[in-house]
Every structure is written in structure tokens, then in C-alpha cells.
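Novice: Below are the C-alpha cells for one structure; questions will follow.
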Number of protein chains: 2
Amino acid sequence: MSASTHLDRLIQALQIQPGVGPRAAARIAYYLLGRRREDAQALGQILIDAMDKIQLCSCCRNYCDDEVCALCSDPKRRESGQLCVVESPADVAAIEQSQNYKGRYFVLHGHLSPIDGIGANELGLPLLDGILATGNVTELILATNPTIEGDATAAYIAQLAKRYEVGTITKIASGVPLGGALDNIDQKTLLNAIANRRPWE
Amino acid sequence: MSASTHLDRLIQALQIQPGVGPRAAARIAYYLLGRRREDAQALGQILIDAMDKIQLCSCCRNYCDDEVCALCSDPKRRESGQLCVVESPADVAAIEQSQNYKGRYFVLHGHLSPIDGIGANELGLPLLDGILATGNVTELILATNPTIEGDATAAYIAQLAKRYEVGTITKIASGVPLGGALDNIDQKTLLNAIANRRPWE
């Protein structure tokens, strides 16, 4: 409880952000009030606009400002014939930052989880089905997270894709991350990396 | 660069918060978009309102919603005759949480720092001067931070107060924090705690 209701409300509201607890929220509130009032008002307006305007691309379900996102509208990406299925929009951003992949994406916004009521419809699989049915996909890349749920979701989608003329179905490699020291890597990853060893090229 | 200008702008704007870098900002943005859109819009409006409405109490310079804050309006606190000078509104909140002090406050919003152009006027000392001149202050408690700048500011204010009929001028104790292990405490604090030892009661 401070001397200002607005301040109390602000400290409370800031805590909806992951990783921001009561102490961090208070620190942020005092800092913004003391030194960045105009920037904080701008942030307020940007938050309101973003939550109002950002929608799902009708083609790939990534976050975008229009009906169809810039990646889906790009004819070069369409022509590539590659379609990469990921769990979240953050995954698209991460793959785009690696600056090599030049195909399209499909964003599931989660993974299959019957216990939470997340099934094929919640992941937009009817939409993916429609894209696969066009016959324009030459390679379907499954890039769900390397977890039990992610793998199960990938397996389900692979099954779905087999009904159509999809050139190849691939799965991104899992194994030891580059630059890591082997003795720092968890046993399951190491076990999996040895089991999936490849011939020396 | 994501597929949404609104999203890029949001990730950028979130970084005005101390402790929130590009990665944390992206994580927050994706989380709010995916699961807390309504709460995030509410946060946006609260930010705008707070930055617009929160002002400085005309009496103690603490953040408040009205002309005079609740603490200054409280007749019991006025009657106590105690006035505690602190550097920031966060200090008031911290002292209030300790639930023992029942006097009034005066918030400097910083400390004397001639090199940054922060002098007596920036700290509201003419206002403090007016309060001391009323003769209603029986004890002036100097609770600036135990730093070189904080101590210098306290010394300046003590000098100011000596011109008026202030009952007593005190300074909050500095020394080893309760519950701490002596071997974890920095040498300066320990040196100071030994130099300022008190007779056993």
C-alpha cells in the first residue's frame, strides 16, 4: 500500500508480465514515474494497440497486422515449396534470425494436449490440412519442440501429411548443441545423440 | 524483425523497463499476446492513467493522486511532530511496511549532486524549509541512504534545520543488518559498526 491508488494499481498490473514479481514491479513503477513518464505512456498506448491489432495470419497462424503475413505473401517463399511447422510464433522469429531457411511456416500455438482440451482444431490442423491438400508442399519440416508432447504432435502431423502428395517429410535434428561441452549436456540428449549417430562424411 | 510491426514495436517499448532486455521483452510480448490480451490492455490503460494522474504531494513530495497525500492529511501523523526525510518514494513504502514509524515524511527525489545540476531547489528544500519554519517539527529524522551523497545531503539538511526550533535532529542507525552473518558483510560496514559501538544495555 502506497499513498497512491494509481501507483498500487500500476505495481499490481505490471506483475502480469512473466518474471516480474512484486519487488521488480515496484522498481519498474518508481523508475517509470521518476524518469520515463512519456515513454511509459507510449508503452501504454502500444500495449493497447498491439493487443487490439495483432491477429493470426489466415494462412500460417503467425502473429501479423494484416489478413496475411509478409512471409506468406512473399512469392519466393511460396515457390520454395517448403513448409516448416513450429509450436509458437517465437520459434518463427528464432528460425528467421538464423537467416538460412527461406520457406513458409505454420504455427500451431501449442502442442496436442488432450488433458487441457487442446486437440487438432485448437492447433489449426484443419487449416494445415488444406495447405497440404493443395499439393504445393514439396517438403514438410516438423520443427516442434524435442519434448514428448512436441514429438507426439509431430507424429500426428506426419500421419496427416501422408494422406497427401507431400514430397518429403523431415524432422529437425536433435542432438548435442554446437559449442557445448559434452560433460555439461544432460544424459538423455547424449544418449539420443549417440543412438542417432551419422556416418562420417 | 517479426512479421508484425505492432509486435516489433511492443518488444521495443517493453524494454524501457529496468531489468527487461530484448529476450525478456520478446518473452513478455508473446506471453501477453497468447494468453493475457485483456490484462495487457488493462495494463496499457493503467500505465497511461498512472503517468497522467500521479503527482507529487504538495506537502511531502511523495507520489499521490490528490493535492495532499493520505499520510500528510492524517491528523495523528501531524500531531506526532516527527518528520522523516528520505531520498525516494520507495523508501517511504519500505518504512511504512516496517509498520512502526507513525510520523510524516519528506521525499527529496534524489540527493545533492551539483555535477548533475541537482541542488537544493531540485530536492524541494525550500518546501522543507517552510515546514521546519512552522515550528511544529519536534524531531527531524534523516533517513537518506548511507552513501557519500546521502550523508552529504543529510548534513546539508541538518545545517538547514539548525536555523529553526527543531526539537531534535536524528539520523537512522547504520551498522550490521539484523540476521546477517558477520563474515558476509563488507569491510566498510563492519569498520563503521565497530567504530559506532554502543554501551551494552
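Novice: So the check is Cβ under 6 Å with 6+ separation or different chains; which pairs have a first residue in segment A:46-75 that's on the phi < 0 side of the Ramachandran plot and of a type in the set (D, E, K, R) and a second one that's open to solvent by 50 Å² or more (accessible area, probe 1.4 Å) and modelled with pLDDT under 90?
Specialist: A:D65/B:T5
Novice: Say whether the condition of being more than 30 Å from B:A90 (Cβ to Cβ) and within 26 Å of the chain's Cα centre (by Cα) is met by at least one residue in segment A:11-22. Working first, answer last.
Specialist: We begin by selecting, within segment A:11-22, every residue more than 30 Å from B:A90 (Cβ to Cβ); these are none.
Looking through segment A:11-22, none of the residues is more than 30 Å from B:A90 (Cβ to Cβ) and within 26 Å of the chain's Cα centre (by Cα).
Novice: If you take the residues in segment B:71-85 that are in contact with a Lys or Arg (Cβ under 8 Å, 6 or more places away or on another chain) and open to solvent by less than 10 Å² (accessible area, probe 1.4 Å), which one is farthest from B:A161 (Cα to Cα)?
Specialist: Going through segment B:71-85, the residues in contact with a Lys or Arg (Cβ under 8 Å, 6 or more places away or on another chain) turn out to be B:71-72, B:76-78, B:80, B:82-84.
Then drop every residue that is not open to solvent by less than 10 Å² (accessible area, probe 1.4 Å), which leaves B:72, B:83-84.
Details: B:C72: 20, B:L83: 12, B:C84: 13 Å.
That would be B:C72.
Novice: Then there's this: Being within 30 Å of B:M51 (Cβ to Cβ) and not in a helix (DSSP H, G or I) is the filter; apply it to segment A:38-78 and report the residue that is farthest from the other protein chains (Cβ to nearest Cβ). Step through it out loud before you land on a result.
Specialist: Taking segment A:38-78 and keeping what is within 30 Å of B:M51 (Cβ to Cβ), we get A:38-55, A:63-65.
Remaining after also requiring not in a helix (DSSP H, G or I): A:54-55, A:63-65.
Numbers: A:I54: 5, A:Q55: 9, A:Y63: 5, A:C64: 5, A:D65: 5 Å.
That would be A:Q55.
Novice: Let me confirm something: among A:I95, A:I131, A:I115, which residue is surrounded by 15 or more Cβ atoms within 10 Å (Cβ to Cβ), away from chain B (no Cβ under 13 Å), modelled with pLDDT under 95 and in a helix (DSSP H, G or I)?
Specialist: Numbers: A:I95 fails: away from chain B (no Cβ under 13 Å); A:I115 fails: surrounded by 15 or more Cβ atoms within 10 Å (Cβ to Cβ).
Of A:I95, A:I131, A:I115, the one residue that is surrounded by 15 or more Cβ atoms within 10 Å (Cβ to Cβ), away from chain B (no Cβ under 13 Å), modelled with pLDDT under 95 and in a helix (DSSP H, G or I) is A:I131.
Novice: Sticking with this structure for a sec: Would you check which residues across segment B:98-112 are outside any strand (DSSP E or B) and either at negative phi or β-branched (V, I, T) (or both) and list them?
Specialist: Residues of segment B:98-112 that are outside any strand (DSSP E or B), as a first pass: B:98-103, B:108-112.
Scanning segment B:98-112 gives B:S98, B:N100, B:Y101, B:K102, B:G103, B:L108, B:H111, B:L112.
Novice: Right, another one. On the given criteria, is A:L123 touching a Ser or Thr at 6+ places or on another chain (Cβ under 9 Å) and open to solvent by 40 Å² or more (accessible area, probe 1.4 Å)? Give the derivation first.
Specialist: Values: touching a Ser or Thr at 6+ places or on another chain (Cβ under 9 Å): yes; open to solvent by 40 Å² or more (accessible area, probe 1.4 Å): no.
Criteria not met by A:L123.
Novice: Looking at segment A:55-70 only, could you name the residues that are hydrophobic (A, V, I, L, M, F, W, C), within 14 Å of A:F106 (Cβ to Cβ) and open to solvent by 10 Å² or more (accessible area, probe 1.4 Å)? Walk me through how you get there before you give the answer.
Specialist: Within segment A:55-70, the subset hydrophobic (A, V, I, L, M, F, W, C) is A:56-57, A:59-60, A:64, A:68-70.
Imposing the further condition that a residue be within 14 Å of A:F106 (Cβ to Cβ) reduces the set to A:56-57, A:59-60, A:64, A:68-69.
Listed by number, the residues that qualify are A:L56, A:C59, A:V68.
Novice: Name the single residue, out of those in segment B:1-36 being among the small types (G, A, S) and not in a loop (DSSP other than H, G, I, E, B), that is surrounded by the fewest Cβ atoms within 10 Å (Cβ to Cβ).
Specialist: The initial filter retains those residues of segment B:1-36 that are among the small types (G, A, S), namely B:2-4, B:13, B:19, B:21, B:24-26, B:29, B:34.
From what's left, not in a loop (DSSP other than H, G, I, E, B): B:13, B:24-26, B:29, B:34.
Numbers: B:A13: 20, B:A24: 18, B:A25: 19, B:A26: 21, B:A29: 29, B:G34: 14.
For segment B:1-36, the residue satisfying everything is B:G34.
Novice: Name the residue that is modelled with the lowest pLDDT, counting only residues in segment A:177-201 that are part of a loop (DSSP other than H, G, I, E, B) and within 25 Å of A:E139 (Cβ to Cβ). Outline the logic, then answer.
Specialist: First, the residues of segment A:177-201 that are part of a loop (DSSP other than H, G, I, E, B): A:177-181, A:185-186, A:196-201.
From what is left, the residues that are within 25 Å of A:E139 (Cβ to Cβ) are A:177-178, A:196-199, A:201.
On the way: A:P177: 85, A:L178: 85, A:N196: 84, A:R197: 85, A:R198: 84, A:P199: 83, A:E201: 77.
Only one residue fits best here, namely A:E201.
Novice: Further question on the same structure: In this structure, is A:L83 within 21 Å of the chain's Cα centre (by Cα), more than 7 Å from chain B (Cβ to nearest Cβ), of a type in the set (A, V, I, L, M) and not in a loop (DSSP other than H, G, I, E, B)?
Specialist: Taking the combined requirement at face value, the residue satisfies it.
The values are calculated or read from the model by the stated rules, or taken from the named source; none is laboratory data. Please read all numbers here as calculations on a predicted model, not as lab measurements. Methodologically, a virtual Cβ is constructed for each residue, glycine included, from the backbone with ideal geometry; neighbour enumeration extends over all protein chains shown. For accessibility, only protein heavy atoms count, side chains too; no ligands or nucleic acids. Shrake-Rupley method; radii C 1.70, N 1.55, O 1.52, S 1.80 Å.
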